[in-house]
Amino acid sequence: MPFYKGGDLDAWIRDNPFADLATRRRIAIGLLYGLHDLHSRGDFDGVQMHDVTMTQPLQSTKQYMAPELLRDEVVDKIEPAVDMFSVGVVLAKLFENTEISEAIKSLISSLRSEDPSQRPIALEALHHEAFQVEPVKEASCAICLDMYPADEGVSCADGHFTCEKVLGPLSSCRGSA
């Protein structure tokens, strides 16, 4: 595997303990897209997937290894589920000490499943609710006609919206009505 300047993800996680959730999500999505691309090419761990068997000593860190590789069994073929387990471990580290949704917890848990058949593939993980962000509801100000997030102004019963910029000093009265 080629070396890329700039450090590794583990160093980034260590050096950026206060990174926001959006940045962490972008990293997770990039990781999953990259893995999806490799898997769609049949490329696992730099080896084309043509009846690859585990005949060489493993060169990996145990904590990232799927349980099926740690058993005293012969592994006939390396499957995408092996990589997906490792991604679950990486995502757990990436989101460690961060307020995360139940959806992210659920995704990480499914990726780290003991049963390889229960782990989602990379494309399924990308479509998981953990990465679905609700769009911000916008409204057009009836006076200045600019678009604003709907929570940055007031709306009347008829649906007319006025932004806080236009309301100016009156915006402090908003909650007291």
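Some points to look at:
- Whichever residue in the stretch 7-56 is at pLDDT below 90, among the acidic types (D, E) and surrounded by fewer than 11 Cβ atoms within 10 Å (Cβ to Cβ) and, among such residues, is farthest from I78 (Cα to Cα): D8
- Considering residues of the stretch 79-129 that are surrounded by 21 or more Cβ atoms within 10 Å (Cβ to Cβ) and not in a helix (DSSP H, G or I) only, the residue farthest from the chain's Cα centre (by Cα): R119
- Some residue of the stretch 81-93 being on the phi < 0 side of the Ramachandran plot and either at pLDDT below 80 or in contact with a Gly (Cβ under 8 Å, 6 or more places away or on another chain) (or both): no
Yes/no per residue for (1) in contact with a strand residue (DSSP E or B) (Cβ under 8 Å, 6 or more places away or on another chain); (2) at pLDDT 90 or above; (3) of a type outside the set (D, E, K, R):
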| site | (1), (2), (3) |
| --- | --- |
| E96 | no, yes, no |
| E102 | no, yes, no |
| K105 | no, yes, no |
| S113 | no, yes, yes |
| Q118 | no, yes, yes |
| C144 | yes, no, yes |
| A157 | no, no, yes |
| V166 | yes, no, yes |
| S172 | no, no, yes |
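- Yes/no for Y4 being hydroxyl-bearing (S, T, Y), surrounded by 14 or more Cβ atoms within 10 Å (Cβ to Cβ) and at pLDDT below 90: no
- Reported count of residues in the stretch 114-126, each being in contact (Cβ under 8 Å) with a residue 12 or more places away in the chain and over 20 Å from G30 (Cβ atoms), is 3.
The values are calculated or read from the model by the stated rules, or taken from the named source; none is laboratory data. Keep in mind that what you see is a predicted model, and the values were worked out from it rather than measured. Counting neighbours? That spans all protein chains shown, and the Cβs are built from the backbone with ideal geometry, glycine included.
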